[in-house]
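Have a look at the structure below, then the notes.
Taken together, the values in this text are just the output of simple stated rules run on the coordinates, not laboratory data. Small disclaimer: the values here were computed from a predicted structure and weren't measured. Please note: Cβ atoms are built from the backbone with ideal geometry, for glycine as well, and neighbour counts cover all protein chains shown.
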Amino acid sequence: SNGTKSYFPDRLPKRVLFPMSQKDKKDQYAKLYDEEVVSLIDTLALPRYTMLDYIDSKRAEKATSVEKQLIENLSRAGNRTKGFCRTNLFKRLESSGYAFMLSVERLILRNYMVSYAAENGLEIPIGGNSVLVDFDDEINSEVSGYSDKETDEDIFTVSEGKTEEDFVKQAEKLYKEISLHQKKRFQWMRAELFDTDKLIKDIYADNEKLLSIVSMIGIWNPQEDRKLEALAQLLTTTHKFEKVIIFTQYSDSAKYLAHYLREKSVESIGVATGDSIDVSSLVRSISFGMSIEKR
């Protein structure tokens, strides 16, 4: 009103560092950022993302009209699709170690589900956009039918045991569940239309690499999550009496942060994801503390 100009303050990002040491056996992030993990991800064949490569051309000539249409619709993106998958794995790692390990487990489990079908001559479920289904529970509920809100935690996440045998058993259970109770949510193709020997070989080769990552890290321990601890210190010390909004790309990370930050004395927390109806009301309901949004 007096003619003085006002400006929005410059918003300058500040890095919050957390310790990481290859010499510390408890340092989970140091293990995940190791060159061995990067190399394993870079050499994955990712057969479920390029199912067209495994179609037997001679057998495909005898496919039904519906099956021929499914073959026509299979992704032809090839190496670009694989690159997208690898990029998303690294983005998950950037989001949180927990989210990354969850995607690794999902990859293993769904790989074995497909190999179970191929080995037993059963119909193979084909997702319309399977490139996305391994990376986030919200995406899973919307894309291609590989998951939904009711099955994500109970079926797709292996809660007990991390061995190959555990995953194989869970994959068989998963296949039977969707083939009996959720079949309409999938597109299906007969196993005999594929070169199943090649498909199974590549799936097992990939899972051997992914299982080595699981073995290397073991069960993700939030108590040893250095990045989570640095965030907790920021909230309970630096911004103790302020509202804080944390943005993260994946709802898996948002839910993980909310759960374990409560254990670290951050009491007033709200979580907003794609399923949230009224984000504004959620933010207003928090007197101080933080809200976590999946963006």
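Mean shadow of the range 1-93, computed from the convex hull of its alpha carbons, in nm²? Intermediate values should be presented prior to the final figure.
Working: hull surface 56.3 nm².
Here the figure is 14.1 nm², rounded to one decimal.
What's the ranking of 183-191, 48-56 by average number of surrounding C-beta atoms within 10 Å, highest first?
Working: 183-191: 15.2, 48-56: 19.4.
Final packing ranking: 48-56, 183-191.
Taking every pair of Cα atoms in the range 12-54, average 1/r, invert it to obtain the Kirkwood radius, and report Rg/Rh to two decimals. Could you put the intermediate results ahead of the total?
On the way: Rg = 16.7 Å, Rh = 13.4 Å.
For the range 12-54, the value is 1.24.
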In debye, nearest 20, what is the charge dipole magnitude of the range 1-97 about its Cα centre with +1 on Lys and Arg Cβ and -1 on Asp and Glu Cβ, if you could check? 300
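Which of the peptides 256-265, 12-21, 110-119 is most tightly packed, and how do the rest follow, judged by the mean count of other Cβ atoms within 10 Å per residue? Present the calculation step by step, with values, prior to reporting the outcome.
Values: 256-265: 16.8, 12-21: 8.7, 110-119: 22.5.
Ranked by mean Cβ neighbours within 10 Å, highest first: 110-119, 256-265, 12-21.
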Give me, ordered by chain and number, the residues 5 or more places off ILE55 or on other chains with an amide H under 5 Å from its own placed amide H. ASP195
If you consider only alpha-carbon coordinates, what radius of gyration and Dmax does the range 169-295 have, in Å? 21.1, 63
For MET189, residues with placed amide H under 5 Å, excluding near neighbours: ILE124, ILE126
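What pairs from LYS23/LYS264; LYS169/LYS209; LYS58/LYS82; LYS58/LYS176 go past 23 Å between their alpha carbons? Can you show the working numbers first?
Values: LYS23/LYS264 26 Å; LYS169/LYS209 19 Å; LYS58/LYS82 26 Å; LYS58/LYS176 29 Å.
Exceeds cut-off: LYS23/LYS264; LYS58/LYS82; LYS58/LYS176.
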